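Take a look at the structure set out below.
What follows is calculated from the coordinates using simple rules that are stated; it is not laboratory data. Just so you know, these numbers come straight off a predicted model, no measurement behind them. Note: ideal-geometry Cβ built from the backbone for every residue, glycine included; neighbour counts use all protein chains shown.
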Amino acid sequence: MLAGHAGLKGQTLDDDGVKAVLLGKRITLGSTRVVIVFARQGEVQDAFLQPHLGMTTNQFQNHWRRLFMTGGGSAPRIVETEADARKLAAVTPGAILIADSAHAAGLAILAAP
């Protein structure tokens, strides 16, 4: 699922919205600027990215490297583990991440799997 900082509660995204946010085509949710938080590797991320974007975690990170290098966006905040991503998203206004529903307590649910 796509989850985010508790301040994003009440925001929801359909499939097109998920794709737009994760690919950097939409940079705000409501009036809040989005900060993508991502783990270097993660099974939950791969399971979400493949059907929604047709990408693996590595392909997603390469997309953002290219976008960032060409001045097309602010790169996601990369952390080591999915647990670290959840911790950072919990304290970063506007943060979104891909999370396992079993570990999303305290986060706003933006899109179900």
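For the residues THR28, THR70, THR12, a GNM of the chain with alpha-carbon springs under 10 Å puts the largest fluctuation on THR70.
DSSP finds beta bridges in the chain, and of those with both partners inside it, around 60 percent are antiparallel.
Each of SER31, SER101 was scored by other Cβ atoms within 10 Å of its Cβ. Arranged with the fewest first, they read SER31, SER101. Taking the chain as a Gaussian network of alpha-carbon nodes connected by springs under 10 Å, the highest mean-square fluctuation of the residues ALA89, ALA47, ALA99 belongs to ALA47.
Is the chain best put as rounded, prolate or oblate by its Cα gyration tensor, with a ≥ b ≥ c the root eigenvalues, rounded for a/c under 1.5, and otherwise prolate when a/b is larger than b/c, oblate when not? Rounded shape, in that the Cα axes give a/c under 1.5. Partners of LYS87 within straight-line reach, counting aspartates and glutamates whose Cα lies under 17 Å from its Cα and excluding those fewer than 8 residues away in the same chain: ASP100.
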